[in-house]
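These notes are about the structure you will find just below.
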Amino acid sequence: MSANPSILLVEPDYFDVSYRINPWMQPELWARDPAAFRDAAKQAFDRLCAALHGVGCELIVAPDVPGLPDMVFPANAAVVLDGKALMARFRHVQRQGEEAPLRELFLGLQRSGHIDEIATLPAGCYQEGAGDCIWDATRQCFWAAYGPRSSRQAIGLIESHFGQEVIALELATERSYHLDVCFSPLSGGEVLYYPPALTPASLEHLRRRVPAESLIEATADDLAHFSVNAVNVGDALVLARSTAALRGQLSRRGYRLHELDLQPFMLSGGGAFCMTLRLDRTSTPRGP
Ligand code: ARG
């Protein structure tokens, strides 16, 4: 693993909440004072950058594009591992316009040496990047979700593209529209997750794979605080303001929490993890 995680972020200059494609989005609230919310979003973005920088990340901050308010969530841009980027295909027409500028952005990342290869999924196969496909460094596998946003068909394609094991999880509700809002593998081998987000079969799958002492259950309140949607670097967790109960549990396990006010982005259904994309993740080479 590289000493300094490289993290892609997208500036929130054109961020807004003008449509509703997940149940957390509040366009009516945003419409009451767009200028003030936009301003608050810029401040929240700066706080996130400072916190990530403070825990040792190298930040690559890309400009956003007018008319694509959700581009500020680059977790959805691609799945990235071992220098390979598999570009997202968005389910909703409101976000499909991001695909072309994201491709341009990744071609730039290839030129700057952050990415080696860029690939695309076949048309009609939806997959919303790391939002629905999260690398677990402890188990050396991807956890990949299908359901509200990503197609089940994407699972096998991710597996063959990266040559890594992919554990499929089915999301059960629209509130957990992306895996990263309800599921987070941590550096110590724990998995922080919200049980009602998964179908019974996927829950069983998870519990077979991860020992009970490593499973940390989040509550509905934690979900609403976007506490599961955390950026984990070593023992640091950068996340939106959490709940007392979860703060206690994570601190007892040795994690240092950096809590931030990310309210403007939560009005779009996003927290800290969604606003980032790790570019430097590598798998551990397997022995002969
Ligand atoms: N409004 C965005 C959407 O619904 C939020 C995306 C947040 N990203 C994430 N990885 N959960 O697509």
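The values are calculated or read from the model by the stated rules, or taken from the named source; none is laboratory data. The shown structure was predicted, so the numbers you read here are calculated from the model rather than taken from an experiment. Heads up, the Cβs are rebuilt from the backbone with ideal geometry, glycines too, and the neighbour counts pull from every protein chain shown. Accessible surface is based on the protein model in full, side chains and every heavy atom, while ligands, DNA and RNA are left aside. Shrake-Rupley method; radii C 1.70, N 1.55, O 1.52, S 1.80 Å.
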Please find, within segment 239-288, the residue that is farthest from the ligand (Cβ to nearest atom) out of those that are among the basic types (Lys, Arg) and open to solvent by 40 Å² or more (accessible area, probe 1.4 Å).
-> Arg286
Does at least one position in segment 191-206 carry a residue that is among the small types (Gly, Ala, Ser) and under 23 Å from Thr276 (Cα atoms)?
-> yes
Select, from Glu217, Glu204, the only residue that is free of Cβ contacts under 8 Å to residues at least 12 places away in the same chain and either farther than 24 Å from Ile155 by Cα or more than 16 Å from the ligand (Cβ to nearest atom) (or both).
-> Glu204
Which members of segment 56-86 meet the condition of being surrounded by fewer than 18 Cβ atoms within 10 Å (Cβ to Cβ) and away from the ligand (no atom under 15 Å from the Cβ)?
-> Gly56, Glu58, Leu59, Val61, Pro63, Pro66, Asp82, Gly83, Lys84
Count - residues of segment 25-51 that are more than 16 Å from the ligand (Cβ to nearest atom), touching a residue at least 60 places away in the same chain (Cβ under 8 Å) and either assigned to a strand (DSSP E or B) or open to solvent by less than 30 Å² (accessible area, probe 1.4 Å) (or both) | 1
Please go through segment 118-146 and pick out each residue that is assigned to a loop (DSSP other than H, G, I, E, B) and open to solvent by 30 Å² or more (accessible area, probe 1.4 Å).
-> Pro122, Ala123, Gly124, Tyr126, Ala137, Thr138, Arg139, Gln140
Among (1) hydrophobic (A, V, I, L, M, F, W, C); (2) over 27 Å from Ala220 (Cα atoms); (3) crowded, with 16+ Cβ neighbours inside 10 Å, where does Leu107 come up short?
-> (3)
Filter segment 209-237 down to the residues that are of a type outside the set (A, V, I, L, M, F, W, C) and open to solvent by less than 50 Å² (accessible area, probe 1.4 Å), then identify the one that is nearest to Gly270 (Cα to Cα).
-> Asn229
With respect to Leu102, is the statement that it is open to solvent by less than 20 Å² (accessible area, probe 1.4 Å), part of a helix (DSSP H, G or I), within 16 Å of the ligand (Cβ to nearest atom) and under 18 Å from Thr276 (Cα atoms) true?
-> yes
Test result for Ala236, within 24 Å of Cys49 (Cβ to Cβ), more than 16 Å from the ligand (Cβ to nearest atom) and in contact with a Lys or Arg (Cβ under 9 Å, 6 or more places away or on another chain) | yes
Extreme residue, surrounded by the most Cβ atoms within 10 Å (Cβ to Cβ), among residues of segment 155-178 that are within 27 Å of Val238 (Cβ to Cβ) and in contact with a Lys or Arg (Cβ under 9 Å, 6 or more places away or on another chain) | His178
Condition check for Ala212: out of contact with any Cys (no Cβ under 6 Å at 6 or more places or on another chain) and of a type in the set (A, V, I, L, M) | yes
Looking only at segment 6-24, count how many residues are open to solvent by 10 Å² or more (accessible area, probe 1.4 Å), within 13 Å of the ligand (Cβ to nearest atom) and either hydroxyl-bearing (Ser, Thr, Tyr) or not in a loop (DSSP other than H, G, I, E, B) (or both).
-> 2
Identify, please: which residue in segment 22-75 is more than 22 Å from Leu279 (Cα to Cα) and of a type in the set (Asp, Glu) and is, among those, farthest from the chain's Cα centre (by Cα)?
-> Asp33
